[in-house]
Each structure stands twice: as C-alpha cells, then as structure tokens.
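Here, each number is a calculation from the coordinates, and none is a lab measurement. It should be emphasised that the depicted structure is a prediction, and the values quoted were computed from it without experimental measurement. Ideal geometry is used to build each Cβ from the backbone, glycine not excepted, and the neighbour counts take in all protein chains shown.
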Amino acid sequence: MDSFIKSIKKLIKPSNICEECNYTCNTINFQRNFENWISGNGYIDKFIQDTQLLAHENIKEVLEWIPYDRFYNITKSGFELYKAYWIDGNIYNWNDKNQNWNRNNNMIVTLKRINNLKNIALEFMNEIKIDHEFYGITQNPETNNYMMVLNDKCKICNYVCNAIHFQQNFINWTSGNDDIDKFIQDIQLSVHYQKKALEWMPYDRFNNTIKSKFCKTYITKWIDGKTKLGKI
Ligand SMILES: [Zn+2]
Ligand SMILES: [Zn+2]
C-alpha cells in the first residue's frame, strides 16, 4: 500500500520537489544540471554526481566538474601543483531569483594532479580533506591530466579563513620596505576570522583628496569602496 501511495505521489508531485526534503533542494538543482556537463570519464562523472545527489541542504561536500578554461593565471607552485584563479569560484548557496548558484568569484585555488583515478575516492576521504577544501575536478586539455581543484584550510580554523585569503594575496603587493611588509603580513596572518586587518594601501588608490587647512586631515574616498577619514 505504501509503495502504491508513493507512486501516486510521484505522479502528482512535480519532479522538481525532492522526496526527502519536500522542496526544491540543492540536490534537485544539481540534478537538473546533469545534462549540461560531462567530464569525458564515466568514473569521474559518477563520482561528482554522487556528491551532488547527497547535497540536499548541505553543499559543503559537493564537487563540480570545472572546465579548464574557467581558470586563468595558472602558475606552477610545486611538484604536480599549480596556483590558479577560478573565474566562477566555489558555490556557497542557491540564488532563487537568478535560478543559479551564488559563488565566490575570482578565487585563488590549487590544482593538484590526480595520478590514479581509481584512488580518488580514497584519497579524497583520507588525505586531501584534512588539509583542504575540495571543490571539484578539471582536466588540462594539453596533457589530458585530471586535476583536483582545492584550497588550503587554515590549521587553526579548519576552513579557508581570512588569514588564508590574505596569505594568497602576499605576492600581489609590496610596500617597498621589507620590515613594513613583514609587519603587515604578520598582522594579516593573525586575523583568521576578525574582519579588521591592516592593508598596504598604495597612494594612487585614493582619489578626491580634500586637505583640511587646520588639522591636516584628509577626507578621501578609497577607490576600492571604503570611505576613510584619517591623517596622512
Ligand atoms: Zn533534498
Ligand atoms: Zn584561520
């Protein structure tokens, strides 16, 4: 009788409702997209799909197939390791209005070569996940190598915290003075989850500078979006 009711329910319910969650959960949104991507390897397709089918309300363990042309500025960073910018970035939730995923655009990630596809599930469980967030799999079209798309987890916070984001950006700035660089970097490496940290701000990032006659205060509008009031 139960199975009869279930099959009737299936007929009545539109297919975009998850039987487990009773609404259009993450799993349904991933499932709808299955026909729009293919890795070219059945084992990887299944591996990725399985993580997406388990998503329901939690997308933390989800993997995606990420075409290699979604990465730029790919540079070698170690043995079988590369740093790259990922245009789309990882998913953090579903946007109902846009009917698409909200993502952390232009994020820095690590690409790590997968040597044996058969081991990937085991590798993922035992080794990679301890120190990394695992976002998906890609394939270098020149070498045909499959690669994991990862990010380093902070050893203190156990996720990709502010300190990690700052550290990834160290190569993109210098004050021109090693002591000042070190001073700012040390503070940035200690912030973890607080919002405020020191930044090196090049003078050309300020515009509309108005100098007050009396207290040498500059009201500046910082191009990057914050309004600052301070002495220079
Ligand atoms: Zn569900
Ligand atoms: Zn941290």
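Loop only by DSSP, 16 or fewer other Cβ within 10 Å of the Cβ. Give me the chymotrypsin sites (Phe, Trp or Tyr not before Pro) in region 70-179 that pass, ordered by residue number. Walk me through the numbers before you get to the answer.
On the way: sites: F71, Y72, F79, Y82, Y85, W86, Y92, W94, W101, F124, F134, Y135, Y146, Y159, F166, F170, W173; in loops: F79, Y159, W173.
Those that pass, being in a loop and sparsely packed, are F79, Y159, W173.
Using only the Cα atoms, work out Rg/Rh for region 79-166, with Rh taken as the Kirkwood radius, to two decimals.
Using only Cα positions, Rg/Rh for region 79-166 is 0.99.
Say the cut-off is 19 Å between C-alpha atoms; which of K118/K153; K60/K129; K60/K97; K46/K155; K76/K112 go over it? Write down the numbers at each step before the final one.
Details: K118/K153 25 Å; K60/K129 11 Å; K60/K97 22 Å; K46/K155 31 Å; K76/K112 10 Å.
Distance filter (> 19 Å) returns K118/K153; K60/K97; K46/K155.
Can you work out the FRET efficiency for the pair L117 and S15, with r the C-beta to C-beta distance and R0 = 35 Å, to the nearest 0.05? Kindly include the intermediate steps, with their values, before the conclusion.
Working: r = 32 Å, r/R0 = 0.91.
According to the calculation, E is roughly 0.65.
Which residues does the label zone of C157 cover in region 29-64, counting backbone N under 18 Å from a point 7 Å along Cα→Cβ?
60-61
What list do you get for M147, M201 if you sort them by fewest beta carbons within 10 Å? Numbers along the way, then the final one.
Numbers: M147 23, M201 16.
Final ranking by Cβ density, sparse to dense: M201, M147.
When only DSSP loop residues count, what trypsin sites (Lys or Arg not before Pro) in region 54-84 have their Cβ near at most 16 other Cβ atoms within 10 Å?
Qualifying residues, ordered by number: K60.
Would you please name the GluC sites (Glu not before Pro) within region 35-99 that are DSSP coil residues with at most 13 other C-beta atoms within 10 Å of their C-beta?
On the way: sites: E35, E57, E61, E64, E80; in loops: E57, E61, E80.
Filter output for region 35-99: E57, E61, E80.
Using a 7 Å offset from the Cα along the Cα-to-Cβ direction at both D204 and L54, what is the distance between the two label points in nm, to one decimal?
5.0
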